[in-house]
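The values are calculated or read from the model by the stated rules, or taken from the named source; none is laboratory data. Predicted model only: the values in this text are computed from it and were never measured. Here the Cβ positions follow ideal geometry from the backbone for every residue, glycine too, while neighbour counts run over all protein chains shown.
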Amino acid sequence: MKGWRARIGFLVPPGNPTVEPEMFEMAPRGVSVHFTRMTAHGAAGTHDGQDERNRSQIESVDACLELLAMVSPNVVVMAHTATSYTLGREAEAALTARIEQQFGFRFITAFGSVMAAVAKLGVKRIAYATPYNEATTLQGVAHLREHNIDVVSHGRLDNVRNIYEENDERAYSVARQVDHQNAEAIFLSGVGMPTLGALECLERDLGKPVISAASAMMWHALRVSGIGEAVDGYGQLLRER
């Protein structure tokens, strides 16, 4: 039987090619990962129309969860950070509570996973890096501050044609760009931009924890599922379970 330790479900944006391979890469033995794509229309991965796509995805959540529920997951993750920025703190909390009551399994978000990771690491001051446009990046800064996180520096990748065309090297460069002497950790937002290959290098080079939405999702999902295994190669958060 697959998933004999835990089964983790993910709600993925329809055009995202990054979440599945990164989650498969990090999953420990005996933990299975399962995916359903949310509904959104228009060009995938572009800055234009992102907020509209976020809202379409939110509207499709219940139908997607009905499908994922059929594999009896221990937890389902909404694998899209910017959707939390569109929802806002209160609406995200309300959505999470309603889904858990309605479906009977744990439901977490990418952003909520980052907040749990920050609490685990005991940090309050972060540098924040994104592949988004300026408006969405500032929306993320405001959302972090609403959760009592001090964003001491922020920045975004230049010349992004499509987030899904980005790579670990570019994730590394934007993290270096935003690093600040007062930042206790760096947060790389966005699950469409590959980040896993950059995390260990960044932590060695900068001497501080580096969290990506992807690493935080897997760490939080494992924690919620009662899996205490350390996962090497993806930064302090997963290594020090």
Filter result for Tyr132 (over 20 Å from Gln236 (Cβ atoms), aromatic (Phe, Trp, Tyr) and in contact with a Pro (Cβ under 6 Å, 6 or more places away or on another chain)): no
Tally, over the stretch 117-147, of residues that are touching a residue at least 60 places away in the same chain (Cβ under 8 Å), under 25 Å from Arg161 (Cα atoms) and aliphatic (A, V, I, L, M): 2
Test result for Ile99, closer than 16 Å to Phe10 by Cα, under 16 Å from the mean Cα position of the chain (by Cα) and modelled with pLDDT of 90 or more: no
Residues that are at pLDDT 95 or above, in contact with a Lys or Arg (Cβ under 8 Å, 6 or more places away or on another chain) and either among the small types (Gly, Ala, Ser) or buried (at least 23 other Cβ atoms within 10 Å of the Cβ) (or both), drawn from the stretch 12-30: Gly30
Number of the exception - Leu222 against (1) in the same structural domain as Val77 (by TED's automatic domain parsing); (2) outside any helix (DSSP H, G or I); (3) buried (at least 24 other Cβ atoms within 10 Å of the Cβ): (2)
Qualifying position, being in contact with an Asp or Glu (Cβ under 8 Å, 6 or more places away or on another chain) and of a type in the set (Ser, Thr, Tyr), among Ser173, Ser189, Ser153, Ser113: Ser153
Given (1) touching a Pro at 6+ places or on another chain (Cβ under 9 Å); (2) surrounded by fewer than 20 Cβ atoms within 10 Å (Cβ to Cβ); (3) among the aliphatic types (A, V, I, L, M); (4) not in a loop (DSSP other than H, G, I, E, B), number of the condition Ala117 does not satisfy: (2)
Residue among Val71, Val123 that alone is outside the structural domain of Ala221 (by TED's automatic domain parsing), on the phi < 0 side of the Ramachandran plot, touching a strand residue (DSSP E or B) at 6+ places or on another chain (Cβ under 8 Å) and surrounded by fewer than 20 Cβ atoms within 10 Å (Cβ to Cβ): Val123
The stretch 74-93, residues that are crowded, with 19+ Cβ neighbours inside 10 Å, of a type outside the set (A, V, I, L, M, F, W, C) and assigned to a helix (DSSP H, G or I): Thr81, Thr83, Ser84, Tyr85, Thr86, Glu92
